[in-house]
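The values are calculated or read from the model by the stated rules, or taken from the named source; none is laboratory data. The shown structure was predicted, so the numbers you read here are calculated from the model rather than taken from an experiment. Neighbour counts are summed over all protein chains in view; Cβ atoms, including those assigned to glycine, are modelled from backbone coordinates with ideal geometry.
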Amino acid sequence: MIIFGIYAPDGEECLSLCRLLELWASNVCVKMELALWHSSEEAQADPRAGECSLIFFGEGEIKGRQLDIARELCRCCPQGKAMFLSSDPLFAIECYCLHPAGVLEIPMRYRQLARTMERCFPFWREGLSWIEVPVCRSSVRIPLCELEYAEASGRHCILHCSDGCIQVGCSLGEIERMLPQRPFLRCQRSYIVNLCSVDRLEAGGLVMRDDCVISVGRGRYKEIQDCCAEFFRLTRN
Amino acid sequence: MDISVAVCDDLSSERGYLSRIIYSYFQTLNRPVQVDLFGSGRDLLFHFYPGKYHVIFLDIYMEEFSGLETARQLRQQDGNFSLVFATTSADYGVNSYEFRAADYLLKPFDLVDVRDALDYCIMELGDRLRTVEISSRWEPIQVPLLEIQYIEVQGHTVLIHTTRDCIPARRCLEELEADLNSPDFIRCHRSYLVNLNYALKLEEKEFLLTDGSRVPIGAHNRKKAKERFMEWSFEHAWSRK
């Protein structure tokens, strides 16, 4: 479990960031806890502050003091890195004195957050969820965020990951039970897909990032269509 | 170990000025440095290969290839060098973080600005600059960790296989392993230490290295080597994104 701190005196900005981070954590299958602070006293009094791996600093109404507050809080979190929210390029340049993990532009968009968080992988890798699957006479652990789709193959199944395929010695049903409901979706009897790896939905089925087309069961087409529409609406902005 | 720095700016006066500050900085540290100057992003990209530079100073407004496009292409090849933007415009302050820049210097900058940037770059480079002292043949030498592919025991001697040479040393492998103290090295066999940066593939009983060498994996170390290699590969794939 990883802990992210959010220092954002502006309530709306704080809420918006929380929603985006929760969506991101669910899509990347990361176990995350958010610590919300509205003042530096609140942050310093929170015992979780020392365990935060990333601390997000909102712009709020204290723009001029943002760096001073960040400096103070980062001293309480020696293993945490700062991440600032700002659209001001001069402020972004000033931030380099603290060597933050990044600067997120306001208004925040999911795509931008996802790209930024990819670069910050070392700060959240401890929160990754994994599955352990039987392979040959051994077992292999795979991080859920790397699993693009699973395909039934007789009594076994093939896991298609971002860097290759692996045949595992268990059924698709067993794999389904190990996976969280979202972002994974059983689109038909022989396939489970990770919505993050879906490029688009066409009449023929789900077109994956690797150009593979996975047909969708007729009875479930409407449901899959609604799921994809909602997912794309939230993540492709 | 020499630090290698590249300065890319389309104005020769700016290149000269910055290179003088860089040389002066390293002189105060009493550390050798090699500074290469480039007048365009295209020129830098032509001469660049992964691992060539520790630090790159990049102007943004240049003809043909902007500094940002140059940075994008450099990062696609190598995620490990420290990047410092050195430019007249503040416009790209927010975007600069996309390239994992270490600093953003606004012109005109002075010795203090460049020094602070270089202090951070040296600190960030950390392990990449580390060396291990080996007493070999007649005198002690410093061997950069980055250059060590694997180490093997042969009788009472260890052989350190680097990208350039094979260095014999009278040391025990346990001691060397403790001195290296790096997550990139794993003890895959009682007589072998391998640098995962050079491991191309894990086969059933051995590592295949990038130069075709094969390093055996001991029966008791097989499971741990497999897990460690998968974890390491996964982390390194992410760090290149």
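Output the residues belonging to the stretch B:83-109 that are away from chain A (no Cβ under 11 Å) and either in contact with a helix residue (DSSP H, G or I) (Cβ under 8 Å, 6 or more places away or on another chain) or in contact (Cβ under 8 Å) with a residue 40 or more places away in the chain (or both).
First, the residues of the stretch B:83-109 that are away from chain A (no Cβ under 11 Å): B:83, B:86, B:88, B:107-109.
If the condition is that a residue be away from chain A (no Cβ under 11 Å) and either in contact with a helix residue (DSSP H, G or I) (Cβ under 8 Å, 6 or more places away or on another chain) or in contact (Cβ under 8 Å) with a residue 40 or more places away in the chain (or both), then B:LEU83, B:ALA86, B:LYS107 are the ones that fit.
Quick one: in the stretch A:66-123, of everything that is within 8 Å of chain B (Cβ to nearest Cβ) and of a type in the set (Phe, Trp, Tyr), which residue is nearest to the chain's Cα centre (by Cα)?
A:PHE121
When only residues in the stretch B:126-173 that are at pLDDT below 90, among the acidic types (Asp, Glu) and in a strand (DSSP E or B) count, which is surrounded by the most Cβ atoms within 10 Å (Cβ to Cβ)?
Going through the qualifying residues, I end up with B:GLU133.
Can you list the strands (runs of 3 or more DSSP E) lying wholly within the stretch B:194-241 that have 1 or more residues being surrounded by 14 or more Cβ atoms within 10 Å (Cβ to Cβ), among the charged types (D, E, K, R) and more than 14 Å from every other protein chain (Cβ to nearest Cβ)?
By residue number, B:206-209.
Name the pairs: first residue in the stretch A:205-228 and at negative phi, second residue among the hydroxyl-bearing types (Ser, Thr, Tyr) and surrounded by 16 or more Cβ atoms within 10 Å (Cβ to Cβ), Cβ to Cβ under 6 Å, at least 6 apart or on different chains?
The qualifying pairs are A:MET208/A:SER197; A:ARG209/A:SER197; A:ILE214/A:TYR191.
So A:GLU126 ticks every box in (1) within 11 Å of chain B (Cβ to nearest Cβ); (2) assigned to a helix (DSSP H, G or I); (3) under 23 Å from the mean Cα position of the chain (by Cα) but one. Which box is left unticked?
The one condition A:GLU126 does not meet is (1).
Is it true that some residue in the stretch B:56-79 is among the basic types (Lys, Arg), buried (at least 16 other Cβ atoms within 10 Å of the Cβ) and under 25 Å from A:MET117 (Cβ atoms)?
Looking for residues that are among the basic types (Lys, Arg), buried (at least 16 other Cβ atoms within 10 Å of the Cβ) and under 25 Å from A:MET117 (Cβ atoms), one finds at least one in the stretch B:56-79, hence yes.
Out of (1) in contact with a Phe, Trp or Tyr (Cβ under 7 Å, 6 or more places away or on another chain); (2) in contact (Cβ under 8 Å) with a residue 40 or more places away in the chain, the odd one out for A:GLU59 is which?
It is condition (1) that A:GLU59 fails.
Of everything in the stretch A:133-158, what is among the charged types (D, E, K, R), assigned to a strand (DSSP E or B) and within 11 Å of chain B (Cβ to nearest Cβ)? Give them in sequence order.
A:ARG141 - this is the single residue of the stretch A:133-158 that is among the charged types (D, E, K, R), assigned to a strand (DSSP E or B) and within 11 Å of chain B (Cβ to nearest Cβ).
Looking at the stretch B:41-64, can you tell me whether even one residue there is of a type in the set (Lys, Arg) and part of a loop (DSSP other than H, G, I, E, B)?
yes
Do we find a residue being surrounded by fewer than 23 Cβ atoms within 10 Å (Cβ to Cβ), of a type in the set (S, T, N, Q), out of contact with any Cys (no Cβ under 8 Å at 6 or more places or on another chain) and under 30 Å from A:LEU85 (Cα atoms) anywhere in the stretch B:27-49?
no
What number of residues in the stretch B:110-121 are hydrophobic (A, V, I, L, M, F, W, C), more than 9 Å from every other protein chain (Cβ to nearest Cβ) and out of contact with any helix residue (DSSP H, G or I) (no Cβ under 7 Å at 6 or more places or on another chain)?
2
Among (1) in contact with a Gly (Cβ under 6 Å, 6 or more places away or on another chain); (2) farther than 25 Å from A:GLU42 by Cβ, which single condition is A:LEU85 missing?
Every condition holds for A:LEU85 apart from (2).
Filter the stretch A:163-193 down to the residues that are in a strand (DSSP E or B) and within 14 Å of chain B (Cβ to nearest Cβ) and list them by number.
A:GLY164, A:ILE166
Only one residue in B:ASP91, B:ASP59 is of a type in the set (D, E, K, R) and in contact with a Lys or Arg (Cβ under 9 Å, 6 or more places away or on another chain), so which one is that?
B:ASP59
If you take just the helices (runs of 4 or more DSSP H) that sit entirely in the stretch A:4-78, which of them hold at least 3 residues that are in contact with a Leu (Cβ under 7 Å, 6 or more places away or on another chain) and at positive phi?
Qualifying helices (runs of 4 or more DSSP H): none found.
Given the conditions (1) touching a Pro at 6+ places or on another chain (Cβ under 6 Å); (2) in a strand (DSSP E or B), and given that A:CYS196 satisfies all but one, which numbered condition is not satisfied?
A:CYS196 satisfies every listed condition except (2).
For the stretch B:71-96, how many residues are among the hydrophobic types (A, V, I, L, M, F, W, C) and either more than 19 Å from B:ASP113 (Cβ to Cβ) or outside any strand (DSSP E or B) (or both)?
Residues flagged as among the hydrophobic types (A, V, I, L, M, F, W, C) and either more than 19 Å from B:ASP113 (Cβ to Cβ) or outside any strand (DSSP E or B) (or both) within the stretch B:71-96 amount to 5.
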